[in-house]
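Notes follow the structure.
The values are calculated or read from the model by the stated rules, or taken from the named source; none is laboratory data. What you are looking at is a predicted structure, and each value in this text was computed from that prediction instead of being measured. Cβ atoms come from the backbone with ideal geometry, glycine included; neighbour counts cover every protein chain shown. Ligands, DNA and RNA are excluded from the accessible area calculation, which covers all protein heavy atoms including side chains. Shrake-Rupley method; radii C 1.70, N 1.55, O 1.52, S 1.80 Å.
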Amino acid sequence: MPMASIPEAKTESHRDACGAALRSASSKKVENLEAAVALHFMWYNFGRVHQTLRVTPGMEAGLSDHVWTMAEVVALLEVWCF
């Protein structure tokens, strides 16, 4: 009986796990992580109206006079990060 080659020896679950790691939302680059965190904080503070405040935290703090759209957040992120 011939020995199976390395790719054939992998189990189905192993192939699935490897594919899941490639598709996961986690980043292996620090720059991508920084951009993702910046995007999250910008959206949280300027784009999302909070139920208890009834405005965004940025508006409550007097840093903004309107709820930001995602396009505004991304445009600022592009200038800041790139």
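Considering (1) polar (S, T, N, Q); (2) open to solvent by 80 Å² or more (accessible area, probe 1.4 Å); (3) modelled with pLDDT of 95 or more, say which one SER26 fails and leave the rest. For SER26, the failing item is (3). Condition first: closer than 20 Å to TRP80 by Cβ and open to solvent by 90 Å² or more (accessible area, probe 1.4 Å). Now tell me which residues in region 34-64 satisfy that. Result: GLU34, HIS40, PHE41, TYR44, ARG48, LEU63.
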